[in-house]
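Colleague: Supplied in structure tokens, the structure appears directly below.
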Amino acid sequence: MSFLVWQAIASGIVTGCVYALVALALVIVFKSTDVVNFAGGELVMVGAYVGLLCIVHFHLNYLVMIAIAVVTIAAVGALFERLSLNTIAGRRYSKDAALVPLIVATVAFSFMLKGIVRVVPYTEEVRRLPPLATGRPVFIGDVVLSRQDLAIIGVTVIVMLALSWFFNLTVMGKSLRATCQNPRAAALVGIPVKRMRMLAWAISAGISGLAGVLLAPKLLMTPDMGLVVMLAFAAAIVGGFTSLVGCVVGGIVLGIVQNFVGIFISPQAISVTPFFVIMIVLMLRPQGLFGEPIKAKKV
């Protein structure tokens with residue numbers, strides 16, 4: 001029994017890291033624009049297919065493929081922000097624009113991406129990317145992890161550290177944080193708010209593309225694989241929708257809980273576990289485990 005528990009924890013950490021990467025992308029957009037990005041899952045899916053295209057048709061090195069997938073999806077995200085959201089919102093440095101049209105735009109973007117992928121011929125077959133790291137599995141005591149699992153954990157840690165360095169120690173990162181906290185004040189001190197918003201979407205989309213490349217070797221690739229975004233939403237809500245660290249912790253917690261439910265209750269119950277966890281967290285701590293306390297505002 002102890003072996004099953006430790007194996008479930010280890011596998012849950014790996015699964016949770018994938019959720020965490022997608023959740024990080026969602027939170028970056030939300031913190032900078034107050035918009036919930038419902039196209040996050042489709043950006044993950046497109047990133048996986050871009051990686052497949054690079055390997056199958058162009059026979060590129062895996063690291064080169066990852067770089068191309070990240071840059072391509074980052075460009076797609078930035079282009080969507082500039083052409084669609086920037087136009088809809090009008091004056092981007094004010095909060096007078098209604099959020100509903102912006103959220104609807106992200107929903108439309110998700111359907112558009114899925115529709116484009118469906119008409120590409122080689123997406124009709126269910127495929128899978130080759131793993132990033134190959135070789136014999138790694139044993140940690142009785143726990144078994146594949147090298148792909150270790151690569152996912154390592155990449156998640158690197159992304160988290162890189163984001164912490166970017167937001168806390170670079171001028172551009174501090175400018176982006178200022179834009180998130182008070183767009184009007186940021187504009188008054190000379191920060192290019194529109195450019196910062198586009199940068200936030202580019203970073204978010206790039207992380208989604210990276211998550212797609214890491215997820216594709218473990219999950220069957222179809223145009224509907226973007227549904228993983230629902231689990232990322234759950235991870236972000238559990239950890240706190242305003243906390244980058246909370247996303248990682250929330251994803252890992254969710255992955256471990258899912259494995260425990262599958263082992264000790266029923267595999268059929270895994271699909272409803274995220275929503276059950278969300279309800280418990282919202283009842284006990286509405287802002288999430290690491291979210292900022294809810295404050296009343298004078299209007």
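The values are calculated or read from the model by the stated rules, or taken from the named source; none is laboratory data. Keep in mind that what you see is a predicted model, and the values were worked out from it rather than measured. Using ideal geometry, Cβ is built from the backbone for each residue, glycine included, and neighbour counts are taken over all protein chains shown.
Colleague: Name the pairs: first residue in the stretch 56-67 and within 17 Å of T134 (Cβ to Cβ), second residue at pLDDT 85 or above and outside any loop (DSSP other than H, G, I, E, B), Cβ to Cβ under 6 Å, at least 6 apart or on different chains?
Modeller: L60/C54; M65/G51; M65/C54; M65/I55; I66/V213
Colleague: To continue, here is another question. Just need a number here: residues in the stretch 148-192 that are among the basic types (K, R) and either at pLDDT 85 or above or over 22 Å from V249 (Cα atoms) (or both).
Modeller: 2
Colleague: Of the numbered conditions (1) closer than 17 Å to A20 by Cβ; (2) not in a loop (DSSP other than H, G, I, E, B), T242 satisfies every one except a single condition; which is it?
Modeller: All conditions are met except number (2).
Colleague: State whether one or more residues within the stretch 163-184 are under 25 Å from L60 (Cα atoms) and either of a type in the set (F, W, Y) or in contact (Cβ under 8 Å) with a residue 60 or more places away in the chain (or both).
Modeller: no
Colleague: Looking at A48, A10, A69 in this structure, which one is of a type in the set (G, A, S) and over 18 Å from the mean Cα position of the chain (by Cα)?
Modeller: Being of a type in the set (G, A, S) and over 18 Å from the mean Cα position of the chain (by Cα) holds for just one of A48, A10, A69, which is A10.
Colleague: Taking into account only those residues within the stretch 192-202 that are touching a Ser or Thr at 6+ places or on another chain (Cβ under 9 Å) and either among the hydrophobic types (A, V, I, L, M, F, W, C) or touching a residue at least 40 places away in the same chain (Cβ under 8 Å) (or both), which is nearest to G40 (Cα to Cα)?
Modeller: Checking each candidate, the answer is W201.
Colleague: Of the residues in the stretch 254-267, how many are of a type in the set (A, V, I, L, M) and buried (at least 22 other Cβ atoms within 10 Å of the Cβ)?
Modeller: Residues flagged as of a type in the set (A, V, I, L, M) and buried (at least 22 other Cβ atoms within 10 Å of the Cβ) within the stretch 254-267 amount to 1.
Colleague: Within the stretch 207-229, track down each residue that is farther than 17 Å from C17 by Cβ and either of a type in the set (S, T, N, Q) or part of a loop (DSSP other than H, G, I, E, B) (or both).
Modeller: Answer for the stretch 207-229, where residues must be farther than 17 Å from C17 by Cβ and either of a type in the set (S, T, N, Q) or part of a loop (DSSP other than H, G, I, E, B) (or both): L220, T222, P223, D224.
Colleague: Tally up the residues in the stretch 183-192 that are part of a helix (DSSP H, G or I) and surrounded by fewer than 21 Cβ atoms within 10 Å (Cβ to Cβ), please.
Modeller: Going through the stretch 183-192 one residue at a time, the tally reaches 5.
Colleague: Quick check on the stretch 207-226: of everything there that is under 18 Å from F111 (Cβ atoms) and under 12 Å from the mean Cα position of the chain (by Cα), which residue is surrounded by the fewest Cβ atoms within 10 Å (Cβ to Cβ)?
Modeller: G226
Colleague: While we're on this one: One residue is enough: does the stretch 72-79 have a residue meeting the conditions in contact with a Leu (Cβ under 6 Å, 6 or more places away or on another chain) and not β-branched (V, I, T)?
Modeller: The answer is no; no qualifying residue exists.
Colleague: Could I ask something else about it? Would you tally the residues in the stretch 123-139 being farther than 20 Å from M65 by Cβ and either under 22 Å from the mean Cα position of the chain (by Cα) or aromatic (F, W, Y) (or both)?
Modeller: So the count comes out to 1.
Colleague: Within the stretch 196-206, is even one residue in a helix (DSSP H, G or I), surrounded by 19 or more Cβ atoms within 10 Å (Cβ to Cβ) and in contact with a Lys or Arg (Cβ under 7 Å, 6 or more places away or on another chain)?
Modeller: Looking for residues that are in a helix (DSSP H, G or I), surrounded by 19 or more Cβ atoms within 10 Å (Cβ to Cβ) and in contact with a Lys or Arg (Cβ under 7 Å, 6 or more places away or on another chain), one finds at least one in the stretch 196-206, hence yes.
Colleague: Within the stretch 116-156, work out how many residues are assigned to a helix (DSSP H, G or I) and surrounded by fewer than 13 Cβ atoms within 10 Å (Cβ to Cβ).
Modeller: 4
Colleague: Still on this structure, please answer the following. Being outside any helix (DSSP H, G or I) and surrounded by fewer than 24 Cβ atoms within 10 Å (Cβ to Cβ) is the filter here, so list the residues in the stretch 14-47 that pass it.
Modeller: If the condition is that a residue be outside any helix (DSSP H, G or I) and surrounded by fewer than 24 Cβ atoms within 10 Å (Cβ to Cβ), then D34, V35, V36, F38 are the ones that fit.
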